Amino acid sequence: MKTVGCVLFFLGISMAVAQAQQRNLDSLVLLEKTYLTEDTIRVSFLTNLARGFYRSNPAKGLEYADKAITLGEKLADKKFLAGAYSAKGTNKFVQADYAVALENYQKALAINTRIGSTQGIANNYNNIGLIYYSVFDYPKALDYYQKTLTLNEQTGNDASLINVLGNIGNIHNELRNYPKAIEYYQKALDLCEKTEKMQALSGLLVNIGNVYTQLADYPKALEYKQKALAISEKQGNKAQIANNLGNIGNVYFKMADYPRALEYHQKALEISQNIQDKQIMAASLAGISAVYQQQQRFTLATDYAQQARELAKSIGLLSTESQTLEQLSQLYESTSRYDSAYWAYRQFVLLRDSIDNVEVQKQITRKTLQFDFSKTEDSLVGQQLLTDAKLKAQILLATKQQQELVLQQNAIDLANKGRALQRLAFLNAQAELLFAQSENKISAEQLARAENEKQLQATQVDLQQSQLELKDKALQAQKTQRYYYLAGLALLALLSFFIFRNYRNQQKSNRLIRLEKKKSDELLLNILPKEVADELKEKGSAAAKQYDEVTVLFTDFVDFTKMAENRSPQQLVNELHDCFKSFDEIIERHGLEKIKTIGDAYMAVSGLPLPDARHARNAALAALDIQQYIRQRQHTQHDGFDIRIGLHSGPVVAGIVGVKKFAYDIWGDTVNTAARMESSSEPGKINVSGATYDLLKNNFSCVYRGKIAAKNKGNIDMYFLTGNGVPVPGV
């Protein structure tokens, strides 16, 4: 549930005037038909009609705007022509015809500049900024909003000042410059409270609350959103009340206060159902489902998620439908309904890809529009006001931030698609596994039933045979028959006893053998990679192998000898054990092979014994995780270890050394160079060679250090690895 945070200021008129124009629209139509004199009064009628129709019927508004332009060109006072061009631009803006809208706003700006209308110029700047904001060209939008702000400060137009301050805050919020966004929102908020403009006040409170939510300052977020709710309740605006209730519910959800979150979402749902606002209804249903999911009330959560999905689909809310499909997949998986989880997640992926395709088309359209805007502005550049050096610096910063956001978002999208494919494969495998287990269970039951029937038939045959034999033997002497019969039973019992005892002994021996074999296999796997261990068990030896592409990782603790002097041997061993245990978990998670530890040094390799084209990526991710682990440990232990890490990529030879206490090891110049990368690093940093940088540069952030001398290696290009290029998602 998201509140629209931008208080748009069309044509430089206040909301109260716009509402009055809407109420008097029919009266204006009648006046226009009866008053036919071509003077300033008629052009005002036509312009106001164009402005009045832009929301309900922009095509009709354009008809009146064109009439106003035709008449305005004949009049001496050109301020009416400027107003007509501006009205036409607004109707084109509503139709998303941004290029034509910009052209008309620029014509109005040229006239207002010529006649010296300061407020008209300010309004035109604001509307042009709105167009650039709509196509995500934030630097251009910020340029025009700053010009608007300067002029409105000169004229003292409070309504315009509130609007443009909020618009500038919106741009900084989009660029994630949250302190700057709050600064501008607060300026607008102070002016609203001073002038008692309650409608704008409510929207600004919600905007500030949203920023604090993104900063995870939930008490502050609640404070502002509760104030916005109070204003909405005072005004009696049901839709805003429901929306604000849902926003507050979302904040409580992030605070893990699920009872309060549920209470607010249910209130929002009740109001939205009463006013039949389906968009808020869908968001409220999804919010309630998320709360029940956290409380592990999966049946209720699934029911509400299904309702939210159906409602979102019926009104074309693709984003909400996509989110609920992903949530349904998680809920089905939690209850082991893997076939349904697979279906829901597949639908989510298909819908998300569809949304991505729409976004691609939008990006192409935006690029085309931005090109058209540049051509239009080039013809009018002489008429623009010059901005000061501080504004230019701010625009350059906004441009850089926007470019960084685009790169980060592309990386996030790629990672999300990869995770989605992995999850889809997992759910499909689980569904197939359940189906196979079900079939196997049925087959086993049928087989057991058939075996029982076979045994029953065999028993019946044996019984009949025994009866015949008894009848034959009944003719023999009773004493002889009883003697042999009893002797046979005794012999059979004795034989059964020995057979059973041998069977139990054999079972016990087999269990001991299996247990010892398992222990030996686990011990061998702790020493050698699985493939090498299998070869060693099968052939009795393992040949050394050449690997052309691997990445070697070295770590070493800084000032280890000095730190060891301040610890007992047991403390030192315990700390090393904790660190190396965590290193083992990290490299196993990223698919690396641990080679050995030498004192406080740790060595691992990526890309063997099974070759892996992603060896450099996996080693870089492991190095970043080790770096993060050490940093976290330093926060809790102020005298904890610091670390240097080095990476280098190239060929190695790997194999087993010796015949007693054998160990798996790697050799080659690559190993020596990787060790030099570690020793040439700095405390707390990851040093990579030029060879490794060439494999990482497209997906990871690196800082070039220059050519640095390495022992016995000469000068080598070295880089500090600083991150994987993927930003932390916003709240």
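The values are calculated or read from the model by the stated rules, or taken from the named source; none is laboratory data. It should be emphasised that the depicted structure is a prediction, and the values quoted were computed from it without experimental measurement. Ideal geometry is used to build each Cβ from the backbone, glycine not excepted, and the neighbour counts take in all protein chains shown.
At a glance:
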read-out: Condition broken by residue 351, with the remaining ones in (1) more than 23 Å from the chain's Cα centre (by Cα); (2) modelled with pLDDT of 50 or more satisfied; value: (1)
read-out: Selection status of residue 583, modelled with pLDDT of 90 or more, touching a Gly at 6+ places or on another chain (Cβ under 6 Å) and closer than 22 Å to residue 683 by Cα; value: no
read-out: Identity of the residue in the range 109-125, within 14 Å of residue 154 (Cβ to Cβ) and assigned to a helix (DSSP H, G or I), that ends up farthest from the chain's Cα centre (by Cα); value: 118
read-out: All positions within the range 22-43 that are crowded, with 16+ Cβ neighbours inside 10 Å and under 19 Å from residue 79 (Cα atoms); value: 42, 43
read-out: Any hit, the range 566-574, residues being more than 28 Å from residue 532 (Cβ to Cβ), assigned by TED's automatic domain parsing to the domain that holds residue 685 and touching a helix residue (DSSP H, G or I) at 6+ places or on another chain (Cβ under 8 Å); value: yes
read-out: Condition check for residue 321: under 23 Å from the mean Cα position of the chain (by Cα) and assigned by TED's automatic domain parsing to the domain that holds residue 337; value: yes
read-out: Residue 132 being under 28 Å from the mean Cα position of the chain (by Cα), closer than 25 Å to residue 65 by Cβ, part of a helix (DSSP H, G or I) and not polar (S, T, N, Q); value: yes
read-out: The range 578-592 residues that are in contact (Cβ under 8 Å) with a residue 60 or more places away in the chain and surrounded by 19 or more Cβ atoms within 10 Å (Cβ to Cβ), paired with ones that are in a helix (DSSP H, G or I) and among the basic types (Lys, Arg) (beta carbon under 8 Å, 6 or more apart); value: 579/633
read-out: Single residue of the range 552-571 satisfying the filter (surrounded by 16 or more Cβ atoms within 10 Å (Cβ to Cβ) and modelled with pLDDT under 90) that is nearest to the chain's Cα centre (by Cα); value: 560
read-out: Members of the range 596-615 found to be among the charged types (D, E, K, R) and part of a strand (DSSP E or B), listed by number; value: 596
read-out: Any hit, the range 229-248, residues being touching a residue at least 12 places away in the same chain (Cβ under 8 Å), over 17 Å from residue 272 (Cβ atoms) and under 29 Å from the mean Cα position of the chain (by Cα); value: no
read-out: Every pair of residues 6+ apart whose Cβ atoms lie under 6 Å, when the first sits in the range 692-719 and is within 12 Å of residue 676 (Cβ to Cβ) while the second is part of a loop (DSSP other than H, G, I, E, B) and modelled with pLDDT of 90 or more; value: 708/680; 710/680
read-out: Filter result for residue 84 (at pLDDT 90 or above and within 26 Å of residue 37 (Cβ to Cβ)); value: yes
read-out: Selected residue (only one of 330, 323 is assigned to a helix (DSSP H, G or I), surrounded by fewer than 21 Cβ atoms within 10 Å (Cβ to Cβ) and modelled with pLDDT of 85 or more); value: 330
read-out: Candidates 88, 60 - the one that is crowded, with 24+ Cβ neighbours inside 10 Å, among the basic types (Lys, Arg) and either out of contact with any strand residue (DSSP E or B) (no Cβ under 9 Å at 6 or more places or on another chain) or in contact (Cβ under 8 Å) with a residue 12 or more places away in the chain (or both); value: 88
read-out: Pair list, Cβ < 7 Å and 6+ apart or interchain, from the range 255-278 residues that are without any contact (Cβ under 8 Å) to a residue 60 or more places away in the chain to residues that are exposed (fewer than 15 other Cβ atoms within 10 Å of the Cβ) and in a helix (DSSP H, G or I); value: 258/294; 275/239; 277/239
